Amino acid sequence: MCLCTSLVGCEASCHSALCVLIGKNMYEPLSEFDAVSPGPSSRRSPSPPAEQASGSWLLRTRDQLCQRLRVAVRGPVPVTVLAVQRYLGDSSGYCYDVTLWDGAEQDTWLLSSELSPLVHRNRLRCGSCVIVRRCSYRYLEKKLAQGLVCIEELEPGEQEDQPGGVQLRGPAGPLCGDRKHYLPLWNNEDPYGDLWRSRGQGQDGSVAVSKVCSLQKLEMTGLSKIALPPLLVRVMHKSRLRYFGKAEKTTDYPYQAYFEVADHSGMMSLVLWNSLCLEWYNTLQVGHVVVLHQYAVKKSYMRRTLPTPGNSQVKRLPTLEISLNARDPPPKITILSESNVKPEWNLPAVKYQFVTRLEFNGLPHNRICDVIGLVTYVGRCERTRKRDEWEDFWVYRWVQMIDGTSDQPFLLEIFATSQPEIFENICPMSYLVCSQMRVIHEYPGDISCKAYLTTTNESQVFITGHHKGQPYISDEKVKNYIKWTKTQNEAEIKRKTSIGGYNPYPLIPSTFAKFCNDRKAEEILTTIWELKAQIERLHYREHKRVAVQGIIAACAFVGKGAKTEMASNLPNIGRTDPSCEEQILSRDAAVADHSKRCAEQRTPRGKSNLRKRRKQSDSEGSHAVSEPEGIPVLQNLGRDVDTWSGESLSFEGTDEGAGSFVTESETSDETSCPRFSWENPLWTEIKDSVKEHLHYSKLFPESVTQKFDYKQKEILMQPFNLYPGKVTNLTRRPPGVTSASWPGHYELTILGINQNIAIDVSLPTFENFRVFGMTDLPNHLSPASTSNTEEIQERHWLSLKAELEEYARSQDRLHVICILDICHLGESNAEVFLNRVYHPTIDQTD
């Protein structure tokens, strides 16, 4: 008998059938829900034999619940989550069905709405162990002999390996309400589940062309009630899926998808409705030739977006649209093989508007175009709310690619296009084609904000392995791109590739006035107290950009080898030598006193000694510092920085208002643990009296850009894709996988302007990236452009030091506006990066 009472104390063997044999006294009935008469079994499969049920904790619990309706589990057993599946409830909000496995059997239970935040923050996820503390049973009053188990209290546990040899056997549909299907866990646009299928790509057969009606003639006929003749058309464009389900409506499959179809007379919209989307959305592709029988015609919905046709010779017919629904009347759709398409039908060819990176520089805002390139960077998947306070999200990721016509890459913001098998597998070193992309000049006239491309409702995305048979393969610019790729060195391209991590996109303008962009500052700014609440309300991978007013209080550089959250979580980051860790821990307690010591050294004698040491250092030259594996060291800091063991030095010529800069470096033959810090004198005085100090400066594995290895692409993509809703064959990251050139990061403290709250945030360390100014701002990430981390550290620290010094000297700029990027990374992990610092006194005169 397993006497485990907590997840922490339970061994892995608790999943075996022997350990799930619990005594009869495992339940404690609640007084207000005492035992009731036994009822029939639930919606699960027929009850197993008695001996099998006795070996399954899940099935025995279900049987007990049928009698008592609600129990508190006394000796709970850890069970593994095999799936978390989402659907729209009958009331407001979404419901979640959780499939559990106890080592012997699996069963699907409903998650109480009070526990939904566990899913929102990815604390309850597939592959993890959980302990069910309290559950209840609900009979479905409108159905015979059916009921469900509801989890009312649950304790999330630690992540475990995926259970081997377990095949998921979830229910055919949602447990609760009248919904017929599940939704994707993180958005509503993607097809999800086995209900979505794809038919054959083409059928043979003759077409009675004499009976076919042209689209132009169909438009002239109007909304006739007579039987409409067949149509012979080519699919020119395809939109993403639209889910329009609402809690108060009971449509079984509330989906809609638009296609633009054309013949020799013009182009018209075709709408696929409801259950037909499940059958035909994945089947109909751009370029297909289709024969339509038994369809309906309706007035066009004029407010929807329309694609920009690549074939300018095709006339748009905007008045009517073809409507295909499963009934009234049930349509007949036939896709013809390309070999059966006759030239005399004069069907228009699908054409594209490909632009090269060189041509892209001259395109205006909102221009639609198509692009092709070699992917060099793929960002992590993130989400943004469609509307405030709603649970519906857009899913997107940032991508960079090159095409050989310019030194600059394309920057792409790719939203989910209802192609999950492609969106989740966009990776560096693949050929990427994106159609119907919109050019965005978010801040026209600001040279620091480079244009980028974003997907539209009609965009389609294709990667290596999906190009065969696509109409664009015959485009001249595509052929030129393929020729260019054959001249490239694979090893050279590989050195430029990276994946994941924080990125500062979209880039923001040089002044706060431009950032507001016709909005009032009061609508943009938030307080640090409100920021704390916003972070706590974030959902998994939800990204927001916020603006707060504050005072830059302190800044410290944390090297790659320092003992931080990153070092403890990333297996690929080199660990700090134990002796270095002790040095860092002992120094952290003394960092608060460094600025006072620096102030004491600002005497004529101190400055004289400082000049002597600098002169001596210049005459002797720079000394190389040994570097243990995994610990980058700042070397040759230049004339503005002293490396002096055992003392803290201020910078010569620093005013009292400029704060104190500290450069530390313990140098020996074995270890070198650098730490660089700066502190505002105001912070030195009041930091012990602030009411609350928030700490959001830690880095997590998802925050750091990784080097990319195509042979291990599936492993490398996992942490940067969204967590799957069902168990998959996840593979652990091998120890040899390393991060890109990550020199460390800055921890910066922002003090509220009322000096009662402070927050620690992280600063990125991209090359040329500056938070105080706009000059040399990058138009692309370059985290892997050099392997010399020491040079990167030196460049970053000296640049930021100069900015901090200038900021602290300018008393009129004491209050600044900080633009923060916040993102929830799952469980209780929240990432906060400082993207930009604005000076209000300058921006007001902009």
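The values are calculated or read from the model by the stated rules, or taken from the named source; none is laboratory data. Just so we're clear, the structure is a prediction, and the values are computed from it rather than from any experiment. FYI the Cβ positions are ideal-geometry reconstructions off the backbone, even for glycines, and counts take in every protein chain you see. Each accessible area value is taken on the protein alone, full model and side chains, heavy atoms only, with ligands, DNA and RNA left out. Shrake-Rupley method; radii C 1.70, N 1.55, O 1.52, S 1.80 Å.
Could we say that residue 308 is closer than 21 Å to residue 455 by Cβ, β-branched (Val, Ile, Thr) and either open to solvent by 10 Å² or more (accessible area, probe 1.4 Å) or not in a strand (DSSP E or B) (or both) here? Yes, satisfied. Report yes if residue 317 is within 15 Å of residue 238 (Cα to Cα) and either modelled with pLDDT of 90 or more or open to solvent by 30 Å² or more (accessible area, probe 1.4 Å) (or both), otherwise no. The answer is no for residue 317. Of the residues making up the stretch 523-535, one or more are open to solvent by 30 Å² or more (accessible area, probe 1.4 Å), closer than 29 Å to residue 447 by Cβ and of a type outside the set (A, V, I, L, M, F, W, C).
One line per residue, one yes/no per condition, for (1) surrounded by 11 or more Cβ atoms within 10 Å (Cβ to Cβ); (2) closer than 27 Å to residue 313 by Cα; (3) at pLDDT below 90:
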{"site": "173", "(1), (2), (3)": "yes, no, yes"}
{"site": "187", "(1), (2), (3)": "yes, no, no"}
{"site": "190", "(1), (2), (3)": "yes, no, no"}
{"site": "199", "(1), (2), (3)": "yes, no, yes"}
{"site": "205", "(1), (2), (3)": "no, no, yes"}
{"site": "221", "(1), (2), (3)": "yes, yes, yes"}
{"site": "228", "(1), (2), (3)": "yes, yes, yes"}
{"site": "232", "(1), (2), (3)": "yes, yes, no"}
{"site": "236", "(1), (2), (3)": "yes, yes, no"}
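Of the set (1) assigned to a loop (DSSP other than H, G, I, E, B); (2) among the polar types (S, T, N, Q); (3) at pLDDT below 95, all apply to residue 210 but (1).
When the stretch 86-96 is limited to residues that are touching a residue at least 40 places away in the same chain (Cβ under 8 Å), in contact with a Lys or Arg (Cβ under 8 Å, 6 or more places away or on another chain) and crowded, with 21+ Cβ neighbours inside 10 Å, the one that is farthest from residue 190 (Cα to Cα) turns out to be 95. Checked against the criteria, residue 281 does not count as modelled with pLDDT of 95 or more, among the aromatic types (Phe, Trp, Tyr) and closer than 16 Å to residue 267 by Cβ. Report, by residue number, each residue of the stretch 669-697 that is in a loop (DSSP other than H, G, I, E, B) and at pLDDT 90 or above. Of everything in the stretch 669-697, those that are in a loop (DSSP other than H, G, I, E, B) and at pLDDT 90 or above turn out to be 687, 688, 689, 690, 691, 696, 697. The set of residues in the stretch 536-552 being more than 24 Å from residue 680 (Cα to Cα) and assigned to a strand (DSSP E or B) consists of 542, 543, 544, 545. If you go through the stretch 350-376 and keep only what is open to solvent by 30 Å² or more (accessible area, probe 1.4 Å), in a loop (DSSP other than H, G, I, E, B) and out of contact with any helix residue (DSSP H, G or I) (no Cβ under 7 Å at 6 or more places or on another chain), you end up with 351, 353, 361, 362, 364, 365, 366, 367. Within the stretch 682-719, how many residues are open to solvent by 70 Å² or more (accessible area, probe 1.4 Å), acidic (Asp, Glu) and either at positive phi or in contact with a helix residue (DSSP H, G or I) (Cβ under 8 Å, 6 or more places away or on another chain) (or both)? Total satisfying the criteria: 0. Residues in the stretch 404-442 that are assigned to a loop (DSSP other than H, G, I, E, B), in contact with a Ser or Thr (Cβ under 7 Å, 6 or more places away or on another chain) and surrounded by fewer than 24 Cβ atoms within 10 Å (Cβ to Cβ): 405, 409, 429, 430.
Of the residues making up the stretch 481-492, none is touching a Lys or Arg at 6+ places or on another chain (Cβ under 7 Å) and surrounded by fewer than 19 Cβ atoms within 10 Å (Cβ to Cβ).
Give me the pairs, please: first residue somewhere in the stretch 362-388 and without any contact (Cβ under 8 Å) to a residue 24 or more places away in the chain, second residue anywhere and assigned to a loop (DSSP other than H, G, I, E, B) and not basic (Lys, Arg), beta-carbon distance under 7 Å, and either six or more positions apart or on two chains. Sorted first by the residue in the stretch 362-388, then by its partner, the pairs are 386/392. Among the residues of the stretch 335-385, those that are farther than 28 Å from residue 447 by Cβ and among the β-branched types (Val, Ile, Thr) comprise 335, 341, 350.
Within the stretch 254-283, the set of residues being part of a loop (DSSP other than H, G, I, E, B) and either small (Gly, Ala, Ser) or open to solvent by 10 Å² or more (accessible area, probe 1.4 Å) (or both) comprises 264, 265, 274, 282.
Rundown of residues vs (1) within 27 Å of residue 94 (Cβ to Cβ); (2) in contact with a strand residue (DSSP E or B) (Cβ under 9 Å, 6 or more places away or on another chain), yes/no style:
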position	(1), (2)
406	no, no
410	no, yes
427	no, yes
443	no, no
447	no, no
457	yes, yes
465	no, no
